[in-house]
1. Can you give the percent of C-alpha pairs in the range 13-141 whose distance is more than 17 Å?
2. Between S182 and W224, what FRET efficiency follows from the Cβ-Cβ distance if R0 is 41 Å, with the result rounded to 0.05?
3. In 5 Å bins starting at 0, how do the alpha-carbon pair distances of the chain split up by percent?
4. Considering only protein heavy atoms, what per residue accessible area in square angstrom results for the chain with a 1.4 angstrom probe?
5. Of the accessible area of the range 1-55, with the probe set at 1.4 angstrom, what percent is carbon plus sulfur?
6. Under a point spin-label approximation (7 Å from Cα along Cα-to-Cβ), what is the W200-S56 distance to one decimal in nm?
7. Hull surface divided by four, with the convex hull built on the Cα atoms of the range 33-82: how many nm²?
8. Which of the helices in the chain, when you take each full DSSP H run, stretch at least 15 Å along the axis at their Cα atoms and have an average Kyte-Doolittle score of 1.0 or higher?
Amino acid sequence: GFDNGDHASVRPFLLKQLDGARESETKTCDGSACWNVAWLRRILRQQFAGMDVILSSDIPWLMTLVLHRVQLGLELPEQAARNFVAFQNQLLFVANLPRGPAPWEAVLGGFPLDAKQRYRTLYQTVLSNKWPQERLNENPAKAALLSNAFLDSMALHAVPSLSSVAEHALALLFMQGDPGASLPRPMSPGSVDMIRDLIWETLRRFPPVSAVPYWTTDDSGLTWTHKIANVGQALQDPGVFSEPLAVRLG
């Protein structure tokens, strides 16, 4: 729902924390100021060390821990990460429904407005401390915009998408039938190229984003047409991928 001006305001901040904060593997990172694969492996190993089993329901809160550290420099305890996932699930459940009071709220529950406001307040504080030069305390509109953008990024996009990819990749590694049965096993954690291939093929076969909408004009902006490119269909085009429903590394 952001207009171009809002996008122009928030995207540089998201870039700084995401792609812009990635460093080489030789640099020591803790996730807050910079991140790399070495740090990601280290933080997840620490979590796995205290777990006897990993369930599908564990993946979203694990991704929540990682993303709060990367996007906000915020170190969440496990229960706080689980609480965020519960909030996120309720938000995703009702986000596309009209605001109440409405009959559906009696069955599905209402919008988690109180929880959303608590996260917005927390994010505003963290972002103000992270970028004091922006003087967000003196600019409530920009502070609200940034906190909303980071919350949307986390709750509506990053955590669900990463969780979906991780769950599909793990399922492919352990399923007994197709499409994962043909993968080389066991896959060594040291096989970086093979793991990278697995991630790319998981993204191709089970894309977490199904479509990319955009507007186009052929008369210098007098009229516009809304188009939606179907990513899922494009990534299963038999003219490009000889066995589009199979999982083939490389």
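1. Tail of the P(r) past 17 Å holds 67 percent of the pairs.
2. Numbers: r = 45 Å, r/R0 = 1.10.
Computed FRET efficiency for S182 and W224 comes out at 0.35.
3. Here the calculated profile for the chain is 1, 5, 10, 13, 16, 16, 15, 12, 8, 4, 1, 0, 0.
4. Solvent-accessible surface per residue comes out at 60 Å².
5. 54 percent
6. Label-label distance for W200 and S56, simple model: 2.8 nm.
7. 3.5 nm²
8. 159-174
The values are calculated or read from the model by the stated rules, or taken from the named source; none is laboratory data. In this text the structure is predicted, and so the values were computed from the model without any measurement. Reconstructed Cβ throughout: ideal geometry from the backbone, glycine too, with neighbour counts over all protein chains shown. Quick note on the areas: whole protein, heavy atoms, side chains included, nothing else; ligands and nucleic acids left out. Shrake-Rupley method; radii C 1.70, N 1.55, O 1.52, S 1.80 Å.
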